[in-house]
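See structure below.
Every number here is computed from the coordinates shown, using simple stated rules; none is lab data. Note that this is a predicted model, so its numbers are computed, not measured. Don't worry about glycine lacking a Cβ; one is built from the backbone with ideal geometry, like all the others, and counts go over all protein chains shown.
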Amino acid sequence: MVIKRYLVNDLSEGVQRIKQDLGPKALVLSARKTTRPNGRFGLLKRPAIEVTAMQPENTEPSSDQKLSNTILQNKKAIRSALEKVRYLENMASGLFDLAKAAQLGINPELLKFRNRLEKQDLDPKLLSDLLGHVISAKNSNISSSPESLARSFIANRLEKKDSLIEKGIIFFVGTRGSGKTGLITKLAAKRVITGIGPTALVSADITSRHAALHVKRLGSLLQIPTSVVLEAGTLSNALETVRRPGALILVDLPGADPGEVIATLSKLFSQQSPDSIHLVLDASQSTSDMLIATQAYQAVNPDRVDFTKLDLTSAFGGVWSVLLSTGLNAGFLSAGPTMPEDLVETTPQNLAALPFESAEGDDDSQRETA
Ligand SMILES: Nc1nc2c(ncn2[C@@H]2O[C@H](COP(=O)(O)OP(=O)(O)OP(=O)(O)O)[C@@H](O)[C@H]2O)c(=O)[nH]1
Ligand SMILES: [Mg+2]
C-alpha cells in the first residue's frame, strides 16, 4: 500500500496529479488548507491545499494465482464428476445383477452373496461347494441368511479333532517373515498373564541374532526359562536347560521359504521330535501362495496351522482353503501387534466368521454365530 502527500493550488489539480501518479483507483484520504513558501528564499507564503492519497494494494490475482485457481476448480469439477460416475456405475451394476438374477431365475440375495464370496480369494472348488450348499438350502426354503448358512457349512467342516497340547515341545515353522517369533512371544505373554501354566521359550533361529535377542529379552521380562540356540547342533541342550515338569516349551525356528524347508530345518529336526509342529502362515498372502507354502511344509509334517496378519487383509478364503484342503487343524489367529490381545485360539466358529466380520453382513447372521 502506498500513501502520498501532495501540495497543490486547488483540488482539481490535486486529483489530476494523484491519478497520474497513483493510477485511477487511488483514494483521496484527506485534504486541508495550508500555505507554501514562495519568493526568494521562501520568505513569502501563498495559500495551498495539502492532499493525502492512497494507492490501494493490487488485488488482482497474479497470473500464477489465476492458473492455480483454475486448476483447483477443474479438480473439484473432475472429482465431483467421478463421484457421479461411480455412483451411476454402482447403481448400474446393482440393476445388472438384479436383471441377471431375474433372467437366470436366481434369488438376488444369493447373487449378492456370491459376489461377496468371490472377493474372498477362495479356491474355486471350495467356492463352488459352498455356493452349491447355500443355493440348495435356499431352494429348500430354509429361512437362514446365506451368510449364516455359509458359516455353519464351514464351521461343521472345521470341527476340531483334538485340543492344543498343554505341555511338551512345540516347534513353530513357516516361511520367512510369516510371524513366527511374534506369535510365540505373544503366546508366551498371554500364558504368563493369564496364569495358564508353566511356559518356556527357546530361540532356535540361528539365522537371526535379532530374533534371538528379542526372545531372550521377552523371556527375562516374563521371568520364564529361556534359552538361545547359537548353532544348529545345540538345540537338544537348549531344550534341556528350560525343561520343567508340566511346562509348554515354545521353540522359534528359522524362516524357510518353499524350496528351503529341508535344507534349513533338517538339522534342527534331527535332534528332537517335538510333540506338536505349528505351521505359521501369513494370511495376507494370496491363497495360492499359502497353498504352495503348506504343500512345501508337508515335508516336516505339521499338525497345526496358525494364521497371522489377519488385520492386514479382508480376503480370508486362504485360511478356509488351506484348512479344508489339507485337513490340518488350526491353532492360533494373530491379528495385530498388541500383546497379548491380538492373539486368539481358533474355534470352528471364529474361523467360519472371518470373511463376514468386517463386511456389512446382515444382522441375523452376526447374531446366529455370536
Ligand atoms: N500387522 C501384523 N503384523 C504382524 C503380525 N504378526 C507379525 N507381524 C509383523 O510381521 C513381521 C515379521 O514378523 P516375525 O514375527 O518376525 O516373523 P518371523 O516369521 O519370525 O520372521 P523370520 O524369523 O524372519 O522368518 C514383523 O514386522 C511383525 O511385526 C500380525 O498379526 N499383524
Ligand atoms: Mg523369527
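In a residue-by-residue description of segment 107-128, the property of being over 29 Å from the mean Cα position of the chain (by Cα), closer than 30 Å to V261 by Cβ and acidic (D, E) applies to no position. Restricting I224, I170, I184, I193 to those that are of a type outside the set (G, A, S), under 18 Å from V305 (Cα atoms), touching a residue at least 12 places away in the same chain (Cβ under 8 Å) and away from ligand 1 (no atom under 13 Å from the Cβ) reduces the list to I170. When segment 281-314 is filtered for residues that are on the phi > 0 side of the Ramachandran plot and crowded, with 16+ Cβ neighbours inside 10 Å, only K309 remains.
Taking segment 284-332 as the search range and keeping residues that are without any contact (Cβ under 8 Å) to a residue 40 or more places away in the chain, farther than 12 Å from G174 by Cβ and not in a helix (DSSP H, G or I), which one is farthest from the chain's Cα centre (by Cα)? Result: N301.
For segment 205-250, a residue qualifies if it is assigned to a strand (DSSP E or B) and crowded, with 22+ Cβ neighbours inside 10 Å, and the qualifying residues are T226, S227, L248, I249, L250. One residue is enough: does segment 342-349 have a residue meeting the conditions within 25 Å of the chain's Cα centre (by Cα), under 26 Å from S128 (Cα atoms), buried (at least 21 other Cβ atoms within 10 Å of the Cβ) and more than 16 Å from ligand 2 (Cβ to nearest atom)? Yes, segment 342-349 has at least one match.
Check off (1) within 16 Å of ligand 2 (Cβ to nearest atom); (2) loosely packed, with under 14 Cβ neighbours inside 10 Å; (3) not β-branched (V, I, T) for N139 and give me the number that stays unchecked. It fails just one condition, (1). Of all the numbered requirements in (1) on the phi < 0 side of the Ramachandran plot; (2) more than 9 Å from ligand 2 (Cβ to nearest atom); (3) not hydrophobic (A, V, I, L, M, F, W, C), G195 misses one, and that requirement is (1). Give the residues of segment 167-188 that are more than 10 Å from ligand 2 (Cβ to nearest atom) and more than 25 Å from P245 (Cβ to Cβ), sorted by residue number. Of everything in segment 167-188, those that are more than 10 Å from ligand 2 (Cβ to nearest atom) and more than 25 Å from P245 (Cβ to Cβ) turn out to be V173, T175. Provide a single number: the residues in segment 287-321 that are away from ligand 2 (no atom under 16 Å from the Cβ) and of a type in the set (K, R). Qualifying residue count for the region: 1.
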